[in-house]
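Asks: Let me give you the structure first, and then I'll get to my questions.
The values are calculated or read from the model by the stated rules, or taken from the named source; none is laboratory data. This one's a predicted model, so the numbers in the text were calculated from it and none came from an experiment. Note that each Cβ is placed from the backbone with ideal geometry, even for glycine, and that neighbours are counted across all protein chains shown. Quick note on the areas: whole protein, heavy atoms, side chains included, nothing else; ligands and nucleic acids left out. Shrake-Rupley method; radii C 1.70, N 1.55, O 1.52, S 1.80 Å.
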Amino acid sequence: MSTISFFSEDIDFELIDESNYISWLQNVVESENKISGELSFVFCDDEYLHKINLQYLNHDTYTDIITFDYTESGVIAGDIFISIDRVKENALLYNKPFKNELSRVIVHGVLHLAGYKDKSEEESTLMRSKEDFYLNLLP
C-alpha cells in the first residue's frame, strides 16, 4: 500500500499542493517500473540535517538531502530528509525558483530509492537527466 507523507521538524514549513506532489511521485515510481510503498519526507533546517549526517553517516558537512533506503523487492520505501535552508540557498545559487529546486531535491531522493546513484560523473549525468524529465511532468 502506497503512503507518501510530508512532515516538518524544527522548521516552520508546509509543502503547498501536497496532493499534486503525491500524484507526481506515484507517477515517477510507476514510470521506473517500481511499486510505491511507504515514503516519508521530512523538511528540516540545516542544523537538524547536519546532526543526522553526523550521527548516521559520520559526515561533518551540510547537505540538502539525506535518504534512508528501505526499498525491498521493487517496493520503493524510505525516509527522505530535506534541508529547506540548503534548498533556498541552492535556488539562489543556481538562479532557480524555490519550488523548482525543492521539487528537484524531492525527486532526487525518490530516484535514489529507485536505484540511481550520483557518485560518478556518468551517474550524475543520468540522475540529472531523470530529474529534468520528471520535473517536466510535475503538474
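Asks: Scan the stretch 4-48 for residues that are of a type in the set (Gly, Ala, Ser), within 21 Å of residue 71 (Cα to Cα) and in contact with a Phe, Trp or Tyr (Cβ under 9 Å, 6 or more places away or on another chain) and jot them down.
Replies: Residues of the stretch 4-48 of a type in the set (Gly, Ala, Ser): 5, 8, 19, 23, 31, 36-37, 40.
Filter again for within 21 Å of residue 71 (Cα to Cα), leaving 5, 23, 31, 36-37, 40.
Result: 5, 31, 37, 40.
Asks: Does residue 76 count as within 15 Å of residue 106 (Cα to Cα), exposed (fewer than 13 other Cβ atoms within 10 Å of the Cβ), touching a Lys or Arg at 6+ places or on another chain (Cβ under 9 Å) and of a type outside the set (Lys, Arg)?
Replies: Spelling it out, it is not the case that residue 76 is within 15 Å of residue 106 (Cα to Cα), exposed (fewer than 13 other Cβ atoms within 10 Å of the Cβ), touching a Lys or Arg at 6+ places or on another chain (Cβ under 9 Å) and of a type outside the set (Lys, Arg).
Asks: Cβ-Cβ below 6 Å, separation at least six or inter-chain, first residue in the stretch 1-30 and closer than 13 Å to residue 106 by Cα and touching a residue at least 12 places away in the same chain (Cβ under 8 Å), second open to solvent by less than 70 Å² (accessible area, probe 1.4 Å) and among the polar types (S, T, N, Q): which pairs?
Replies: 5/40; 26/36; 29/36
Asks: Moving on. Cβ-Cβ distance below 9 Å, separation of 6 or more or different chains: which pairs start in the stretch 120-139 with a residue that is without any contact (Cβ under 8 Å) to a residue 24 or more places away in the chain and end on one that is of a type in the set (Ser, Thr, Tyr) and part of a helix (DSSP H, G or I)?
Replies: Short answer, once both residue conditions are applied: 133/31.
Asks: Still on this structure: Just checking, does the stretch 101-119 include any residue being more than 18 Å from residue 39 (Cα to Cα), polar (S, T, N, Q) and at pLDDT 95 or above? It would help to see each step written out before you state the result.
Replies: First, pick out the residues of the stretch 101-119 that are more than 18 Å from residue 39 (Cα to Cα): 101, 117-119.
Of the ones still in play, those that are also polar (S, T, N, Q) are none.
Within the stretch 101-119, not a single residue is more than 18 Å from residue 39 (Cα to Cα), polar (S, T, N, Q) and at pLDDT 95 or above.
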